[in-house]
Amino acid sequence: MERKAVYPGSFDPVTNGHLNIIERAAKIYDSLTVAIVVNPNKKSLFTVDERVEIAREATRHLPNVKVDKFSGLLADYVNDKGFDAVVKGLRAGSDFENELQMSQMNARLFTGNTETVFLMTDPKCSFISSSLIKEVATLGGSIEGLVPEFVSGRIINKLQEESK
Ligand code: PNS
């Protein structure tokens, strides 16, 4: 039986930390869907379609990874698609409290046997977050090695567009 997992998040944009989790999860499951949340209440640098396009390009080398978007409750999306697992990455302890709460709430909302599964961050990625990357890039710092090279270019172009 095919084991299907989903890795949900904002991915604004995808970072090397996300890619590390994606590559590892793609080895564990037969298929992995990177699911990008549509959240009109959260200000994002990239539109959801841009985030999808960037994530698709960044995962092109992984044949069992696809990228999708969802709105509303993650649990509704998971129930609808019948995923076996929701994969999340854990960086520091500060991620844990929020993730524990969300996984327990989602467990109530899942109608099937979906499990939330946590992969511990690779130590070389533990400080990487999309928001910190955007802040550093906005202030002119180097983000080399933290996102794929083409993503770095997309961030810089976007920030230049925004400052016009
Ligand atoms: O990359 P992020 O922003 O940390 O991802 C958070 C995300 C998208 C996984 C979380 O906010 C989420 O699941 N949002 C969908 C709405 C939802 O289901 N909320 C209840 C969570 S228990």
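The values are calculated or read from the model by the stated rules, or taken from the named source; none is laboratory data. Just so we're clear, the structure is a prediction, and the values are computed from it rather than from any experiment. Positions of Cβ are generated from backbone atoms using ideal geometry, with glycine treated the same way; all protein chains shown enter the neighbour counts.
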Kindly check whether there is at least one residue in the range 74-85 that is within 12 Å of the chain's Cα centre (by Cα) and among the aliphatic types (A, V, I, L, M). no
Pull out all pairs, ordered by first then second residue, where Cβ-Cβ is under 7 Å, the residues are six or more apart or on different chains, the first lies in the range 103-120 and is within 19 Å of Ile22 (Cα to Cα), and the second is among the polar types (S, T, N, Q) and surrounded by fewer than 11 Cβ atoms within 10 Å (Cβ to Cβ). none
Quick one: in the range 89-120, which of the residues that are in contact with a helix residue (DSSP H, G or I) (Cβ under 6 Å, 6 or more places away or on another chain) and not polar (S, T, N, Q) is nearest to the ligand (Cβ to nearest atom)? Leu109
Which of the residues belonging to the range 113-139 are among the β-branched types (Val, Ile, Thr) and assigned to a strand (DSSP E or B)? Thr116, Val117
Hey, can you tell me all the residues within the range 1-11 that are surrounded by 22 or more Cβ atoms within 10 Å (Cβ to Cβ) and under 17 Å from Cys125 (Cβ atoms)? Tyr7, Phe11
Scan the range 140-154 and give yes if some residue there is at pLDDT below 95, surrounded by fewer than 13 Cβ atoms within 10 Å (Cβ to Cβ) and either within 12 Å of the ligand (Cβ to nearest atom) or in a helix (DSSP H, G or I) (or both), otherwise no. no
Restricting to the range 14-46, give me the number of residues that are away from the ligand (no atom under 11 Å from the Cβ), in contact (Cβ under 8 Å) with a residue 60 or more places away in the chain and within 24 Å of Gln160 (Cα to Cα). 3
Can you find even one residue in the range 35-54 that is among the β-branched types (Val, Ile, Thr), buried (at least 16 other Cβ atoms within 10 Å of the Cβ) and under 19 Å from Leu146 (Cα atoms)? yes
Go through the range 51-66 and count every residue that is within 16 Å of the ligand (Cβ to nearest atom) and free of Cβ contacts under 8 Å to residues at least 40 places away in the same chain. 1
